[in-house]
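So the structure is just underneath, and the comments pick up after that.
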Amino acid sequence: MRHFGTHGPVNTIDNYVVARTERLGDFIKRIKLGRYIVLFAPRQTGKTTFFQDALTILEAPALQAKDTDYFPIQLNFQDCANLAPDAFYTTLAEELLHRLIFSK
């Protein structure tokens, strides 16, 4: 039985979901144009789910065959909020290296 999710990324099988097809299309278009994108909204409004849906689209085999320039990775900066700049950049470099080595 479906229910309303109140935490973490939404599971479309278990949770009720409002489709954001038009917004996802616009988001992907902006990425293709090389635009910087910021997802800014209150807590628990679907930012992570939206972002993960966009990554799924960018990683789709049909899209990759046409656009081989995309290698999407997800980074979480929440744990870096109190780091000094040198520690932040060291952590960022290590995380990027880890994601690049262990991604598909």
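The values are calculated or read from the model by the stated rules, or taken from the named source; none is laboratory data. All values reported here derive from a predicted model rather than from experimental measurement. Note: ideal-geometry Cβ built from the backbone for every residue, glycine included; neighbour counts use all protein chains shown.
Please go through the stretch 22-59 and pick out each residue that is touching a residue at least 24 places away in the same chain (Cβ under 8 Å), more than 18 Å from Pro9 (Cα to Cα) and of a type in the set (Val, Ile, Thr). The answer is Ile28, Ile31. Look at Arg23 and say whether it is modelled with pLDDT of 85 or more and either of a type in the set (D, E, K, R) or in the same structural domain as Leu100 (by TED's automatic domain parsing) (or both). Against the criterion (modelled with pLDDT of 85 or more and either of a type in the set (D, E, K, R) or in the same structural domain as Leu100 (by TED's automatic domain parsing) (or both)), Arg23 qualifies.
Scanning the stretch 19-56 for residues that are touching a Gly at 6+ places or on another chain (Cβ under 8 Å) and among the β-branched types (Val, Ile, Thr) gives a single hit, Thr48. For the stretch 1-11, does any single residue satisfy the condition of being exposed (fewer than 10 other Cβ atoms within 10 Å of the Cβ), of a type in the set (Phe, Trp, Tyr), over 17 Å from the mean Cα position of the chain (by Cα) and in a loop (DSSP other than H, G, I, E, B)? Yes, some residue in the stretch 1-11 is exposed (fewer than 10 other Cβ atoms within 10 Å of the Cβ), of a type in the set (Phe, Trp, Tyr), over 17 Å from the mean Cα position of the chain (by Cα) and in a loop (DSSP other than H, G, I, E, B).
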